[in-house]
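The values are calculated or read from the model by the stated rules, or taken from the named source; none is laboratory data. In this text the structure is predicted, and so the values were computed from the model without any measurement. Backbone-built Cβ (ideal geometry, glycine too); neighbour counts: all protein chains shown. These area figures cover heavy atoms from the full protein model, side chains too; ligands, DNA and RNA do not enter into them. Shrake-Rupley method; radii C 1.70, N 1.55, O 1.52, S 1.80 Å.
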Amino acid sequence: MQALIVTGGSIEDTFALKFLKENPCDLTIAADSGMEFFYRNGLVPDEIVGDFDSVKSGVLEFFKENNPNIKIRKFQPEKDETDTELAIRTAIDADCKKIWLLGATGTRIDHVLGNIHLLGMAMERDCECIMLDSCNRIRMLNQGMTIRREEQYGDYISLFPFTPTVKGLTLRGFKYPLEKYELQCYHSLGVSNEISEEKAEISFEEGILLMVESKDKK
């Protein structure tokens, strides 16, 4: 079961609508002002989650009045979790094993960093959570994986240690390979690698990696 969460960061409607068309999900959730994306595009989410302190006036009321089947979960503004975390927890509690997170990037770096940390929360609950915008696909890895070149998102793959060290990191099929390397925090070694063969393999023995697939904005 897959979920789509639209949250209140920067979102490009053309990109998001194309993604929705090509990737139908079992559950759609609007996190607070993320409901404005659904409102202006004539779409209806399955659930709305948040404290609703940032959504434009009238949007929540529109959904309440015109779509009585929407499940609305309202929380107090004085809470420990962000609206995005509440939405992710909602999807996990619904037994979703994959979550696509749109609108999770943008100008608020504090929120972007917070959202990246939430990928780990989902990973610990055995759920794959992926942040996506028109230039980036971001996910967290606790085990190795293979990427075929035609499936790559953009031109570059960057790997960052999300634990103090990632031990035994081996990269094959990349322009800049590694063999049993210990990748440590506070270095930029993993930035902007490229796939050089038909498929690329990432493996490591210990630790957690943050993987960012990216492309330059045209």
Of V49, V166, V191, the most mobile residue in a GNM of the chain (C-alpha springs, cutoff 10 Å) is V191
Cα atoms only, the chain: Rg and Dmax in Å? 18.3, 59
Using Cα springs under 10 Å in a Gaussian network model of the chain, which residue among I48, I70, I29 shows the largest mean-square fluctuation? I70
Taking alpha-carbon centroids only, region 15-69 lies from region 161-189 a number of Å equal to 39
Loop-resident trypsin sites (Lys or Arg not before Pro) in region 91-198 with no more than 16 other Cβ atoms inside 10 Å, DSSP not H/G/I/E/B, are K97, R108, R125, K175
With each label point set 7 Å from Cα along the Cα-Cβ vector, what nm distance links Q2 and R40? 2.5
Pop the C-beta distance of K175 and K18 into the FRET formula with R0 = 35 Å and round what comes out to the nearest 0.05. 0.75
In this model, which of K64/K215; K180/K215; K56/K215 are farther than 29 Å apart at the alpha-carbon? K64/K215; K56/K215
Given a cut-off of 18 Å, what percent of all Cα-Cα pairs of region 160-218 lie beyond it? 32
Counting only DSSP beta bridges with both residues in the chain, tell me the antiparallel percent, nearest 5. 55
What number comes out for accessible area per residue over the chain if the probe is 1.4 Å? Units Å², please. 54
Roughly speaking, to the nearest percent, how much of region 59-212's 1.4 Å accessible area is carbon and sulfur? 47
Note the direction-averaged projected area, equal to a quarter of the hull surface, for the Cα convex hull of region 98-182, in nm². 6.4
What Rg and what Dmax come out for region 53-98 when only alpha-carbon atoms are used, in angstroms? 12.6, 34
